[in-house]
1. Taking the condition of being under 11 Å from Trp277 (Cβ atoms) and either part of a strand (DSSP E or B) or among the basic types (Lys, Arg) (or both), how many residues in the range 222-238 meet it?
2. Is it fair to say Leu193 is within 19 Å of the chain's Cα centre (by Cα), modelled with pLDDT under 90 and either in a strand (DSSP E or B) or assigned by TED's automatic domain parsing to the domain that holds Asp180 (or both)?
3. Quick one: would you say Lys242 is more than 21 Å from Phe190 (Cα to Cα), within 23 Å of the chain's Cα centre (by Cα) and among the basic types (Lys, Arg)?
4. Filter the range 14-31 for residues that are more than 22 Å from the chain's Cα centre (by Cα), surrounded by 14 or more Cβ atoms within 10 Å (Cβ to Cβ) and within 19 Å of Ala63 (Cα to Cα) and give the result.
5. Quick one: which residue in Ile269, Ile249, Ile219, Ile213 is modelled with pLDDT of 95 or more, in the same structural domain as Gln173 (by TED's automatic domain parsing), in contact with a Phe, Trp or Tyr (Cβ under 7 Å, 6 or more places away or on another chain) and part of a loop (DSSP other than H, G, I, E, B)?
Amino acid sequence: MGNMQVDLFQFAKRLLIEDGHDPGMLSDAKVKSCIDIIPYKDQIRLLAMRSEYRNAGGQTRGATNQGNPGGKTDKTKMAARLRMLAKNFDHSTPYDEGVFWTGIDNNKLRWLVQSWNKQNPGKIFGQLEATTDTRFMDGALTDWGPGGGATAYFEAASVELGKQASGHVTSIQRFGLQTDSGKIFTHKEFPALLKGMDDDLGKGLPRVTDITIVVVDPIGFPGIKCKSFTNLEINNINLIDKVGDQAQIFTINQGKPAGKVGIHGVTKIPDKVRSFWLRRYPLPVSQTSLVLAKHIESILYGSEDFDFNRPR
């Protein structure tokens, strides 16, 4: 199969698996029949995004003639092209329903978002890998790590998610806001949300009005499994440094407080945003955060492999 056929086949197969089909029982004919019912506009977006990703120097699963055969990819130029790729596609989320995440199982959250949206057609939750155009890229990129195309693309897409969010947005984080340079919400999405609000307030009302951050196992709050913070209450959340040389923080004793969110570092809340939120105080947590809080245990990482073939 050529790259276009591979791209469509992979995406259709993933849709079938997520809809409850046994991967071992899926025939090529069944997958091809699924391709036929994928909306044409979605097929065009998928093919355009993955083709440009490869042309920029990125690598995708199962494709041939990728990147710059025989040559060295210019990582700076690739990152610039991938920022433009993310900017030119739709990363908006429904008003009040945008969801950002760090430290939880992305596959489980994506599955839950899709499940909630099927059960509540009139109330759509928005999440990067579940509802934006990045769903056409998720699971297909293979070049992760520093300087890799996948890392550059998802950083760029996350910035666009922050720029295009609206209303009362929600984030779910583990332990606090982790300071590791690879944590996209801390270093890309949250600053983009705050900058967007600050820029908008210079002209009128902001596109994003409020932010609720749900923290699971919050460091600094012993005995509390989950706590939500809205707007200026965000200042109570700890920035979290890693303790030791492990790649990720998996338990509370692997992290330590390193300042306060909204006050220190890239998370500092701009003065105009702080004043705007002060006038709105007190404000209830987002409705989306209440839904997430009810499903905490089902979206944390576990020892089991995630199985899409579970009852909805």
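1. 1
2. The answer is no for Leu193.
3. Numbers: more than 21 Å from Phe190 (Cα to Cα): no; within 23 Å of the chain's Cα centre (by Cα): yes; among the basic types (Lys, Arg): yes.
No, not satisfied.
4. Across the range 14-31, the qualifying residue is only Val31.
5. Ile219
The values are calculated or read from the model by the stated rules, or taken from the named source; none is laboratory data. Note that the coordinates shown come from a computational prediction; the quantities given were computed from them, not determined experimentally. Neighbour counts run over all protein chains shown; Cβ positions are idealised from the backbone, glycine included.
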